[in-house]
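Everything below concerns the one structure shown next.
The values are calculated or read from the model by the stated rules, or taken from the named source; none is laboratory data. Owing to the predicted nature of the structure, the values given are computational and were not obtained by experimental measurement. Glycine gets a Cβ as well: all are built from the backbone with ideal geometry, and neighbour counts include every protein chain shown. Accessible surface is based on the protein model in full, side chains and every heavy atom, while ligands, DNA and RNA are left aside. Shrake-Rupley method; radii C 1.70, N 1.55, O 1.52, S 1.80 Å.
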Amino acid sequence: MPLPLLCLNHWLHLTSPEITSASASASAPASDAPAPPAALLPPPAVTPVVATGWLHTAKFLTSAPQLQHLPTHDWPEIAFVGRSNAGKSTCINTLTQQKQLAFASKKPGRTQHINLFTLGKQGVTDAILADLPGYGYAAVPKQEKLRWQQVMANYLMSRENLRGVVMLCDPRLGLTELDEILLDVIRQRIADGLKLLVLMTKADKLTRSEAAKALSIAKLQTAGGQVQLFSAPKRIGIDEASLVLWHWAHPPGAPTQTPSQTASQAPAETPTPT
(Lines give C-alpha, C1' and ligand atoms only; values in the text may rest on other atoms or scores of the structure.)
Protein backbone atom coordinates (compact mmCIF):
# COMPACT_ATOMS: atom_id res chain seq x y z
CA MET A 1 0.00 0.00 0.00
CA PRO A 2 1.50 3.40 -0.93
CA LEU A 3 2.31 5.72 1.93
CA PRO A 4 -0.06 8.63 2.41
CA LEU A 5 1.25 11.77 0.79
CA LEU A 6 1.69 13.61 4.14
CA CYS A 7 3.71 10.73 5.69
CA LEU A 8 5.78 10.35 2.52
CA ASN A 9 6.71 14.01 2.48
CA HIS A 10 7.63 13.85 6.16
CA TRP A 11 9.78 10.75 5.57
CA LEU A 12 11.52 12.41 2.63
CA HIS A 13 12.18 15.49 4.75
CA LEU A 14 13.87 13.40 7.45
CA THR A 15 15.99 11.28 5.09
CA SER A 16 17.03 13.80 2.45
CA PRO A 17 20.66 14.94 3.11
CA GLU A 18 20.09 18.26 1.41
CA ILE A 19 17.01 19.03 3.47
CA THR A 20 18.43 17.86 6.79
CA SER A 21 21.69 19.75 6.34
CA ALA A 22 19.87 22.90 5.33
CA SER A 23 17.52 22.54 8.27
CA ALA A 24 20.43 22.04 10.66
CA SER A 25 22.21 25.08 9.27
CA ALA A 26 19.11 27.20 9.70
CA SER A 27 18.50 26.06 13.26
CA ALA A 28 22.10 26.27 14.46
CA PRO A 29 22.87 29.55 16.22
CA ALA A 30 25.34 31.84 14.53
CA SER A 31 28.76 31.68 16.13
CA ASP A 32 29.09 35.45 16.08
CA ALA A 33 25.70 36.10 17.69
CA PRO A 34 25.94 38.66 20.51
CA ALA A 35 25.68 37.34 24.06
CA PRO A 36 22.58 38.35 26.04
CA PRO A 37 23.00 41.38 28.32
CA ALA A 38 24.21 40.53 31.82
CA ALA A 39 21.02 42.01 33.26
CA LEU A 40 18.99 39.29 31.50
CA LEU A 41 21.08 36.41 32.79
CA PRO A 42 19.77 34.55 35.87
CA PRO A 43 21.65 35.40 39.07
CA PRO A 44 24.11 32.78 40.30
CA ALA A 45 22.76 30.41 42.92
CA VAL A 46 23.51 31.50 46.48
CA THR A 47 25.35 28.85 48.47
CA PRO A 48 25.23 28.28 52.23
CA VAL A 49 28.82 29.54 52.39
CA VAL A 50 27.71 32.91 51.01
CA ALA A 51 24.72 33.11 53.37
CA THR A 52 26.64 32.12 56.51
CA GLY A 53 29.49 34.45 55.58
CA TRP A 54 27.00 37.29 55.26
CA LEU A 55 25.49 36.57 58.69
CA HIS A 56 29.00 36.47 60.18
CA THR A 57 29.31 40.20 59.43
CA ALA A 58 26.75 41.05 62.13
CA LYS A 59 27.74 43.99 64.33
CA PHE A 60 25.94 45.60 67.24
CA LEU A 61 24.19 48.83 66.29
CA THR A 62 22.07 50.03 69.20
CA SER A 63 19.71 49.06 72.01
CA ALA A 64 16.33 50.68 72.72
CA PRO A 65 13.77 50.22 75.51
CA GLN A 66 10.95 51.77 73.47
CA LEU A 67 9.90 51.71 69.83
CA GLN A 68 10.35 55.47 69.43
CA HIS A 69 14.01 55.13 70.43
CA LEU A 70 14.84 52.88 67.49
CA PRO A 71 16.71 54.52 64.59
CA THR A 72 14.96 54.79 61.25
CA HIS A 73 16.65 53.28 58.20
CA ASP A 74 15.86 51.91 54.75
CA TRP A 75 17.29 48.41 55.12
CA PRO A 76 15.19 45.25 55.46
CA GLU A 77 14.84 44.26 59.10
CA ILE A 78 14.54 40.69 60.39
CA ALA A 79 13.21 40.20 63.92
CA PHE A 80 13.91 37.27 66.25
CA VAL A 81 11.17 36.53 68.78
CA GLY A 82 10.42 33.72 71.19
CA ARG A 83 9.66 32.66 74.72
CA SER A 84 12.30 32.97 77.39
CA ASN A 85 14.58 29.92 77.41
CA ALA A 86 13.59 28.97 73.83
CA GLY A 87 17.22 29.34 72.75
CA LYS A 88 16.95 32.67 70.92
CA SER A 89 20.34 34.09 71.92
CA THR A 90 22.04 30.77 71.18
CA CYS A 91 20.38 30.68 67.77
CA ILE A 92 21.51 34.21 66.86
CA ASN A 93 25.07 33.53 68.04
CA THR A 94 25.17 30.27 66.09
CA LEU A 95 23.86 31.78 62.86
CA THR A 96 26.29 34.70 63.06
CA GLN A 97 29.18 32.48 64.27
CA GLN A 98 29.80 34.88 67.15
CA LYS A 99 29.76 33.55 70.69
CA GLN A 100 28.69 36.77 72.44
CA LEU A 101 26.79 38.83 69.89
CA ALA A 102 23.45 38.24 71.63
CA PHE A 103 23.64 38.04 75.42
CA ALA A 104 21.27 35.92 77.44
CA SER A 105 20.19 37.46 80.71
CA LYS A 106 20.98 35.55 83.88
CA LYS A 107 17.39 36.27 84.90
CA PRO A 108 15.22 35.45 81.87
CA GLY A 109 12.52 37.99 81.14
CA ARG A 110 14.11 40.75 83.23
CA THR A 111 15.72 42.75 80.43
CA GLN A 112 13.33 44.39 78.01
CA HIS A 113 15.23 46.06 75.19
CA ILE A 114 15.29 45.69 71.42
CA ASN A 115 18.85 45.12 70.20
CA LEU A 116 19.71 45.91 66.58
CA PHE A 117 22.63 44.48 64.60
CA THR A 118 23.83 45.48 61.15
CA LEU A 119 24.62 43.00 58.38
CA GLY A 120 26.66 43.58 55.24
CA LYS A 121 29.96 42.67 53.65
CA GLN A 122 32.86 45.06 53.12
CA GLY A 123 31.37 47.56 55.54
CA VAL A 124 28.27 48.09 53.41
CA THR A 125 25.11 47.54 55.47
CA ASP A 126 22.29 45.80 53.59
CA ALA A 127 20.09 44.45 56.40
CA ILE A 128 19.35 44.67 60.13
CA LEU A 129 18.75 41.93 62.69
CA ALA A 130 16.44 42.82 65.58
CA ASP A 131 16.65 40.77 68.77
CA LEU A 132 13.45 41.19 70.77
CA PRO A 133 13.33 40.17 74.45
CA GLY A 134 11.97 36.79 75.41
CA TYR A 135 8.42 36.69 76.68
CA GLY A 136 6.40 34.51 79.01
CA TYR A 137 8.73 34.37 82.01
CA ALA A 138 6.64 33.97 85.16
CA ALA A 139 8.87 36.05 87.48
CA VAL A 140 8.20 39.30 85.61
CA PRO A 141 5.47 41.46 87.23
CA LYS A 142 2.17 41.38 85.36
CA GLN A 143 2.12 45.12 84.61
CA GLU A 144 5.62 44.92 83.17
CA LYS A 145 4.59 41.96 81.03
CA LEU A 146 1.61 43.88 79.65
CA ARG A 147 3.70 46.95 78.93
CA TRP A 148 6.33 45.01 77.06
CA GLN A 149 3.78 42.95 75.15
CA GLN A 150 2.32 46.21 73.90
CA VAL A 151 5.78 47.42 72.83
CA MET A 152 6.34 44.19 70.93
CA ALA A 153 2.92 44.34 69.30
CA ASN A 154 3.52 47.93 68.19
CA TYR A 155 6.90 46.98 66.76
CA LEU A 156 5.59 43.96 64.86
CA MET A 157 2.57 45.80 63.50
CA SER A 158 4.09 49.16 62.66
CA ARG A 159 7.80 48.71 61.88
CA GLU A 160 7.67 49.69 58.21
CA ASN A 161 10.79 47.93 56.94
CA LEU A 162 10.23 44.70 58.87
CA ARG A 163 10.83 42.05 56.23
CA GLY A 164 10.54 38.85 58.22
CA VAL A 165 10.06 37.30 61.66
CA VAL A 166 11.97 34.32 63.03
CA MET A 167 10.09 32.67 65.89
CA LEU A 168 12.03 30.36 68.18
CA CYS A 169 10.07 27.50 69.70
CA ASP A 170 10.99 24.59 71.95
CA PRO A 171 9.52 21.58 70.08
CA ARG A 172 9.04 19.69 73.32
CA LEU A 173 6.49 22.34 74.33
CA GLY A 174 5.20 23.24 70.88
CA LEU A 175 3.70 26.62 70.08
CA THR A 176 2.30 27.96 73.33
CA GLU A 177 -0.64 30.29 73.88
CA LEU A 178 1.69 33.31 73.89
CA ASP A 179 3.26 32.17 70.62
CA GLU A 180 -0.17 31.88 69.03
CA ILE A 181 -1.14 35.34 70.30
CA LEU A 182 1.98 36.76 68.67
CA LEU A 183 1.12 34.98 65.42
CA ASP A 184 -2.35 36.53 65.55
CA VAL A 185 -0.74 39.96 65.91
CA ILE A 186 1.24 39.56 62.69
CA ARG A 187 -1.26 37.44 60.74
CA GLN A 188 -2.47 40.35 58.63
CA ARG A 189 1.09 41.44 57.87
CA ILE A 190 1.91 37.87 56.84
CA ALA A 191 -1.04 37.98 54.46
CA ASP A 192 0.41 41.21 53.08
CA GLY A 193 3.82 39.62 52.45
CA LEU A 194 5.70 39.54 55.77
CA LYS A 195 7.90 36.43 55.95
CA LEU A 196 7.71 33.97 58.84
CA LEU A 197 10.14 31.22 59.81
CA VAL A 198 9.51 29.06 62.87
CA LEU A 199 12.68 27.39 64.13
CA MET A 200 12.09 24.38 66.36
CA THR A 201 15.17 24.69 68.57
CA LYS A 202 16.82 21.98 70.63
CA ALA A 203 15.95 19.46 67.92
CA ASP A 204 18.81 17.23 69.10
CA LYS A 205 16.71 16.32 72.13
CA LEU A 206 14.01 14.70 69.94
CA THR A 207 13.76 11.30 68.34
CA ARG A 208 13.10 11.17 64.61
CA SER A 209 9.41 10.41 65.12
CA GLU A 210 9.05 13.16 67.74
CA ALA A 211 10.70 15.65 65.40
CA ALA A 212 8.39 14.72 62.51
CA LYS A 213 5.33 15.07 64.75
CA ALA A 214 6.49 18.46 66.10
CA LEU A 215 7.04 19.74 62.55
CA SER A 216 3.60 18.59 61.38
CA ILE A 217 1.81 20.22 64.31
CA ALA A 218 3.74 23.49 63.98
CA LYS A 219 2.97 23.70 60.25
CA LEU A 220 -0.72 23.34 61.00
CA GLN A 221 -0.57 25.98 63.73
CA THR A 222 1.19 28.43 61.43
CA ALA A 223 -1.25 27.81 58.57
CA GLY A 224 1.38 26.01 56.52
CA GLY A 225 4.12 28.53 57.29
CA GLN A 226 7.82 27.82 56.94
CA VAL A 227 8.93 25.56 59.79
CA GLN A 228 12.22 23.72 60.30
CA LEU A 229 14.27 21.96 62.94
CA PHE A 230 17.28 23.68 64.47
CA SER A 231 20.02 22.60 66.86
CA ALA A 232 23.15 24.58 67.68
CA PRO A 233 25.12 21.67 69.27
CA LYS A 234 24.35 19.26 66.41
CA ARG A 235 24.54 21.93 63.67
CA ILE A 236 21.05 21.03 62.44
CA GLY A 237 19.30 23.50 60.14
CA ILE A 238 21.99 26.20 60.21
CA ASP A 239 22.62 26.30 56.45
CA GLU A 240 18.92 26.17 55.63
CA ALA A 241 18.02 29.00 58.02
CA SER A 242 20.95 31.11 56.80
CA LEU A 243 19.79 30.80 53.20
CA VAL A 244 16.24 31.76 54.15
CA LEU A 245 17.41 34.94 55.88
CA TRP A 246 19.75 35.84 53.01
CA HIS A 247 16.92 35.55 50.48
CA TRP A 248 14.62 37.62 52.70
CA ALA A 249 17.15 40.44 52.70
CA HIS A 250 18.05 40.09 49.01
CA PRO A 251 14.83 39.53 47.04
CA PRO A 252 15.09 39.38 43.24
CA GLY A 253 15.37 42.85 41.73
CA ALA A 254 16.42 44.51 44.99
CA PRO A 255 18.88 47.39 44.44
CA THR A 256 22.47 46.82 45.52
CA GLN A 257 23.74 49.13 48.25
CA THR A 258 26.94 51.08 47.69
CA PRO A 259 29.23 52.47 50.43
CA SER A 260 27.94 55.98 49.79
CA GLN A 261 24.41 54.83 50.60
CA THR A 262 25.18 53.52 54.08
CA ALA A 263 23.86 55.68 56.88
CA SER A 264 26.00 56.67 59.80
CA GLN A 265 25.61 54.20 62.59
CA ALA A 266 25.05 54.92 66.23
CA PRO A 267 28.09 54.84 68.52
CA ALA A 268 28.98 51.35 69.62
CA GLU A 269 27.35 50.34 72.87
CA THR A 270 27.10 47.16 74.86
CA PRO A 271 24.17 44.97 73.80
CA THR A 272 21.54 44.64 76.47
CA PRO A 273 20.91 41.01 77.49
CA THR A 274 17.61 39.66 76.19
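Between E177 and Q226, the contour length at 0.36 nm per residue exceeds the Cα-Cα span by 15.7 nm. Taking all protein chains into account, the per residue accessible area for the stretch 44-190 stands at 46 Å² (1.4 Å probe). Taking each residue as 0.36 nm, the span from T207 to R147 lengthens on full extension beyond its C-alpha to C-alpha distance by 17.7 nm.
Straight-line reach from K234: which lysines have a Cα under 28 Å away, not including same-chain ones fewer than 8 places off? List returned: K59, K88, K99, K106, K107, K121, K195, K202, K205, K213, K219. Loop-located trypsin sites (Lys or Arg not before Pro) in the stretch 118-173 (DSSP state not H, G, I, E or B) with no more than 13 neighbouring Cβ atoms inside 10 Å: R172.
Peptides 233-243, 55-65, 204-214 ranked from most to least packed give 55-65, 233-243, 204-214, packing being the mean of other C-beta atoms within 10 angstrom over each peptide's residues.
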